[in-house]
Amino acid sequence: MGPSARSSSAHRAARPLAAKDERLSAYRDKRDFHRTAEPEGAARAQGHGAYVMQKHRARRLHFDLRLELDGVLKSWAVTRGPSLDPSEKRLAVRTEDHPLDYGSFEGAIPKGQYGGGEVMLWDRGRWTPKGDPHRGLADGRLEFTLEGERLRGGFALLRMPRRGKEPKENWLLVKMKDGQADADLDPAREWTRSVTTGRSFAEIADGETHAPRLPKFRAPQLATQAAEPPAGEDWLHEIKFDGYRALVATAGGKCRVYTRSGLDWTEKFPGIAEAAAQLPMKSALIDGEIVALEESGRSDFGLLQKMLEKRPRALVFYAFDLLELDGEDVSNAPLLERKNRLAALLAEPPAAIRYSGHVIGAGARFLAECRRLGLEGLVSKRVDRPYLSRRTRAWIKVKCLGRDEFVVGGYRPSTKKGRDFASLLLGEFVDGALVYRGRVGAGFSDRDLAQIGAALRAHACKSSPFAAVPAEIARHARYVAPRLVVEIDYTERTKEGLLRHPTFIGLREDKPANEVSPPAFDPSPRELKRGPR
């Protein structure tokens, strides 16, 4: 059903207007149009069921709900903004009718004028009344459905009894119980920028008409693996998350989410992209990890893959570094300075974005606590170093669990009907050669079997990509081009480098196969104390 059909009931209910200016006389009487840029406008006989929510930073911050009816915008000032929690009732004070042209107004009203302050177009769309809207207004119960860019679903305006000689009508705005209700989401906090221009209040006040450009992708800094964390106050230590490494570029209400290799995965993470677009700055490039959290608070890559399919908006971005802010390249600043600026930026973050904290010094104790909590590991970083887009010794990762990425170079066919493989042949690149590390046949769901089976058929090749494969394995093996990357959990590696008790965790579509290699550097604690060279 198109917008015109959805709002047809509002159109049919429209009544002929009286005198041209009668409905807008109160609006015009309060404004000096020689001083304010607000539209003078005119009442119209017909419309298209427009809905607008404007955020207004006047004497008191509030939101203005406007619903088109009878050629004007019926208006309410929602003092605390809309709520998606049906148990909450938000005061909505009825105000004067506004002209339809006001539905596209965004700008600054001069001080001393009525409503002086900044007006932001916060949401827009269509509304459909339930039943006759005129009867609803008269009876004090107006139910309707919003189809906005941010607010959707059923709402109701309920008029409160007047007390004494109150000059204005007080109503309550309530969210109806439906699929769009969400008690955990605060829309006023989630979306802080203009829905049309992406501007903040500060940018509107400054008269900026164009949003800044999105920062360009840059390759992330990578950590070198070690057996122990470094000691000393020159190092800070963060939790190593089990998720997708990501760089988030945001500017002017827009956002791009990039994988570590530069793939644009914005559509895969809509909740994170929308949240980042609302952060209180002109532009930023932020480094972090996208994770799915268990009830215990631990990140879990297997859960991430499931939620990516079913509940992508429930994923969380843990931000741990800041590369650009408001057009300034901050990557050359010391890490601690970058993190302080990032913490200030995320002082009141939306639900989908969290700041990744740290401790300074005490690396051994921090690692012990990570092990106690069953976390994947930690990342230690020099507090005084700049951000470098390559693997360095200024970042050291220590894992609590035996878990790594491996390249699939082949498989052993399955004898079971409907299953392509019994196990996958795994390897790592060492000096450009794919070195065999063992087989994995456990941990696959039916979905994994189907997805990987299709990929194996697509990448089939006749010759082995491995430098060498044991004869007993090669006898039954079939080979594929080394393009698939998988994450594997295991108990330990043998002296020959083979995996013991491997279990499949998930596909790593974010990592290029040619980057999968054994730890490049395994420094001793003494070397780590001296710091990177």
Determine which single condition Ala77 fails, assuming it passes every other condition in (1) of a type in the set (A, V, I, L, M); (2) in a strand (DSSP E or B); (3) in contact (Cβ under 8 Å) with a residue 24 or more places away in the chain; (4) under 18 Å from Leu142 (Cα atoms). (3)
Just name the residue that is nearest to the chain's Cα centre (by Cα) out of those in the range 80-91 that are over 15 Å from Pro161 (Cβ atoms) and either in a strand (DSSP E or B) or small (Gly, Ala, Ser) (or both). Ser83
Here are Ser104, Ser83, Ser75: which of them is of a type in the set (Gly, Ala, Ser), surrounded by fewer than 20 Cβ atoms within 10 Å (Cβ to Cβ) and either in the same structural domain as Thr36 (by TED's automatic domain parsing) or touching a Gly at 6+ places or on another chain (Cβ under 9 Å) (or both)? Ser104
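Criterion first (surrounded by fewer than 16 Cβ atoms within 10 Å (Cβ to Cβ), over 24 Å from Arg508 (Cα atoms), touching a residue at least 12 places away in the same chain (Cβ under 8 Å) and under 18 Å from the mean Cα position of the chain (by Cα)) does Ala314 satisfy it? Don't jump to the end; show me each part of the working.
On the way: surrounded by fewer than 16 Cβ atoms within 10 Å (Cβ to Cβ): yes; over 24 Å from Arg508 (Cα atoms): no; touching a residue at least 12 places away in the same chain (Cβ under 8 Å): yes; under 18 Å from the mean Cα position of the chain (by Cα): yes.
Here the answer is no, as Ala314 does not meet what is asked.
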Selected residue (only one of Leu236, Leu303 is assigned to a strand (DSSP E or B), surrounded by fewer than 23 Cβ atoms within 10 Å (Cβ to Cβ) and modelled with pLDDT of 90 or more): Leu236
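Considering Glu143, Glu118, Glu68, Glu106, which residue is touching a helix residue (DSSP H, G or I) at 6+ places or on another chain (Cβ under 6 Å), in contact (Cβ under 8 Å) with a residue 24 or more places away in the chain and among the acidic types (Asp, Glu)? Write out each step before concluding.
On the way: Glu143 fails: touching a helix residue (DSSP H, G or I) at 6+ places or on another chain (Cβ under 6 Å); Glu68 fails: touching a helix residue (DSSP H, G or I) at 6+ places or on another chain (Cβ under 6 Å); Glu106 fails: touching a helix residue (DSSP H, G or I) at 6+ places or on another chain (Cβ under 6 Å).
Every option except Glu118 fails the conditions.
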Strands (runs of 3 or more DSSP E) wholly inside the range 368-454 containing at least 3 residues that are within 29 Å of the chain's Cα centre (by Cα) and under 30 Å from Ser331 (Cβ atoms): 377-382, 391-399, 403-413
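Return the residues of the range 422-437 that are under 17 Å from Glu487 (Cβ atoms) and touching a helix residue (DSSP H, G or I) at 6+ places or on another chain (Cβ under 9 Å); say none if nothing qualifies. Spell out how you get there, then give the answer.
Taking the range 422-437 first, the residues under 17 Å from Glu487 (Cβ atoms) are 423-429, 437.
Hits for the range 422-437 are Leu424, Leu425, Phe429.
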Got at least one residue in the range 463-477 being at pLDDT below 95, more than 23 Å from Gly432 (Cβ to Cβ) and in a helix (DSSP H, G or I)? yes
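Restricting attention to the range 465-477, does a residue exist that is closer than 19 Å to Lys511 by Cα, under 36 Å from the mean Cα position of the chain (by Cα) and either crowded, with 17+ Cβ neighbours inside 10 Å or assigned by TED's automatic domain parsing to the domain that holds Phe301 (or both)? Working first, answer last.
We begin by selecting, within the range 465-477, every residue closer than 19 Å to Lys511 by Cα; these are 465.
Add one more test, that the residue is under 36 Å from the mean Cα position of the chain (by Cα), and what stays is none.
Taking every residue of the range 465-477 in turn, none turns out to be closer than 19 Å to Lys511 by Cα, under 36 Å from the mean Cα position of the chain (by Cα) and either crowded, with 17+ Cβ neighbours inside 10 Å or assigned by TED's automatic domain parsing to the domain that holds Phe301 (or both).
The values are calculated or read from the model by the stated rules, or taken from the named source; none is laboratory data. Keep in mind the model is a prediction, meaning the values are calculated, not measured. Here Cβ is always computed from backbone atoms with ideal geometry, including for glycine, and neighbour counts include all displayed protein chains.
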